[in-house]
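Step one of this worksheet: look at the structure below.
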Amino acid sequence: MKPINRILIAPLLVLQLSCSSSRIVDNSTVSASKSNKKIEVYTTAENTSLRLSLSGNFILNPTSQQTKSIHSIAIDSKKTDQTFLGIGGAITDASAEVFAKLSPKKQQEFLTAYYDKNKGIGYSLARTNIHSCDFSSESYTYIEEGDKDLKTFNIDHDKKYRIPLLKRAIETAGGNLTLFVSPWSPPAFMKDNNDILHGGVLLPEFAQSWANYYSKFIKAYEKEGIPVWGLTIQNEPMASQRWESCIYTPEAERDFLKNFLGPTLQKDGLGSKNIIIWDHNRGDMLEKRASLVFSDPEVSKYAWGIGFHWYETWNGGTPKFESVGKVHEAFPDKNLLFTEGCIEKFDASKFQFWGNAERYGINMINDFNNGTTGWTDWNILLDQNGGPNHVGNFCFAPLHADTTKDELIYTPMYYYIGHLSKFIQPGAKRISNTTSDKSLLSTSFLNTNGKTATIVMNASDKEVVYEIIIDSFKNTITIPAHAMQTLVY
């Protein structure tokens, strides 16, 4: 795959689905035969102007001469699996600080692009950090150092940038955004290395104080009018990073949840908050975390599910999608949530590199097909340098802002995510979806309004003709090379 230098994008026009593409024809093509189910096809494709574009003429007329399909996707709406929670991204300090530098007009464009269900891609899920993470301009906590009793606790730091952005995101999303929160490290004095950075472990004498910290944070945010749906116990608990980090062995995480965090939230009237274990890479999730926690009734009662990231490929391996499926099979009553992923190693020449979008498509479709209930991207917005980040760990986001020009940069990743987030609604059920050939990736969800969304991805260099078989109906559709489609019917 070759990177492309630049794609001309008119985001709001695209997201209004104005059918401006030259590939669009009238709707008579869509319902050419009474034996066919009426389908809307939305397409994003490399080296075209198609960006979430309603593109009816990819549906082949059954009365015309056409190439015999060599691929098929069979949908069985009677066979259902997990319930869909949502798709979204993290509202970090970095995202909020960049957002604040935009003009009011560009701020509104940004909010519409992500959170408007009609004009945007309808994000319904969000994550935010409990005090600082690497995507903050500096390290900070909500207390004075050494304050074990948390008498100095306050969230004044977040009221400048992050809380205002969260409130506007919630408003744009229609007043409902499923938000979970994550800590990157306890305060330095609570750890054995006396450092908020570089790993270390939570000292036993501060376990209760740290559990109280979560409770105070949730209550403080909710007092600001920001509902908190859930929390993860620790971001990446097996990684000692040069930024905020803290190590928990499987047993340490289990014991902290069982003896401190779970009981503390119950005592403080926060027992309905959904607690997520692990929050680290796919891999040995079943063996190293899920089995230990979910098999113990006294700790499992506090755990909603398990969260995971996609960075297991850092050592040159492949994504461990099978580990997600193993947890889903072993503990079908527990939930799986993708809690973080981004394209690492920022390079401004690759804003429009299509391979980045395809990495998202591959991961999202495979995660959902293995039982994932929701999928959370990392930063929703970064600047033209992939930051700010106080340790130089610059990355990509689906949207970037060139703060020197007051411009938003829409990457192909944004559109690929939108092919799922815009058309799959919270509460949807994943339904059986079988592809005849590995050249296409696909997943399907039945929404509560009775509409089905089938997502199809073609990462090959050639267009593919495929037949979609929906119960007793079938249609023949073409997907361009390096493209994502959403079929709504």
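State the extension gain, in nm to one decimal, for the chain segment bounded by A330 and T404, taking 0.36 nm per residue of separation less the distance between their alpha-carbons. Before the final figure, lay out each step's value.
Working: separation 74, 0.36 × 74 = 26.64 nm, distance 5.10 nm.
Roughly 21.5 nm would be gained on extension.
Can you work out the FRET efficiency for the pair N193 and S77, with r the C-beta to C-beta distance and R0 = 60 Å, to the nearest 0.05?
0.65
Where in the chain lies the longest segment free of GluC sites (Glu not before Pro) that are both loop residues by DSSP (not H, G, I, E, B) and have at most 16 other Cβ atoms within 10 Å?
Value returned for the longest uninterrupted segment is 1-137.
Tell me, Kirkwood radius of the range 187-277 from alpha-carbon pair distances, in Å?
Hydrodynamic radius (Kirkwood, Cα pairs) of the range 187-277 is 13.6 Å.
Around G88, what is the net charge, scoring Lys/Arg as +1 and Asp/Glu as -1 over all other residues with Cβ under 11 Å from its Cβ?
Here the count lands on 0.
Any chance you could give the angle, 0 to 90 degrees and rounded to 10, that helix 354-369 forms with the longest Cα principal axis of the chain?
Value to nearest ten degrees: 80.
Please give the FRET efficiency for S137 paired with N315, using the beta carbon to beta carbon distance and R0 = 30 Å, rounded to the nearest 0.05.
Step by step, r from the Cβ atoms, then E = 0.50.
Could you work out how much longer the chain between N47 and N176 gets when fully extended? Use 0.36 nm per residue separation minus the Cα distance between them, nm to one decimal. Mind dumping the intermediate values first?
Values: separation 129, 0.36 × 129 = 46.44 nm, distance 3.61 nm.
Net length gain for the segment: 42.8 nm.
Cα to Cα, under 17 Å, and not fewer than 8 places away if on the same chain: which lysines meet these conditions relative to K326?
K288, K334
Calculate how many DSSP beta bridges within the chain are antiparallel, expressed in % of all such bridges and rounded to the nearest 5.
Numbers: 43 of 82 bridges.
Around 50 percent antiparallel, to the nearest 5.
From the convex hull of the Cα coordinates of the chain, what is the mean projected area in square nanometres?
22.0 nm²
How about K105: which lysines have a C-alpha closer than 24 Å to its C-alpha, ignoring those fewer than 8 places off in the same chain?
Reachable lysines: K117, K119, K159, K160, K167, K405, K422.
Helix-only mean residue ellipticity at 222 nm, the chain, DSSP H runs n ≥ 4 weighted -39,500 (n - 2.57), per residue, nearest 500. What is it?
Roughly -6500 deg cm²/dmol at 222 nm, from the helical runs in the chain.
Readers should treat all values here as calculations from the given coordinates under stated rules, not as data from a laboratory. Keep in mind that what you see is a predicted model, and the values were worked out from it rather than measured. Note that each Cβ is placed from the backbone with ideal geometry, even for glycine, and that neighbours are counted across all protein chains shown.
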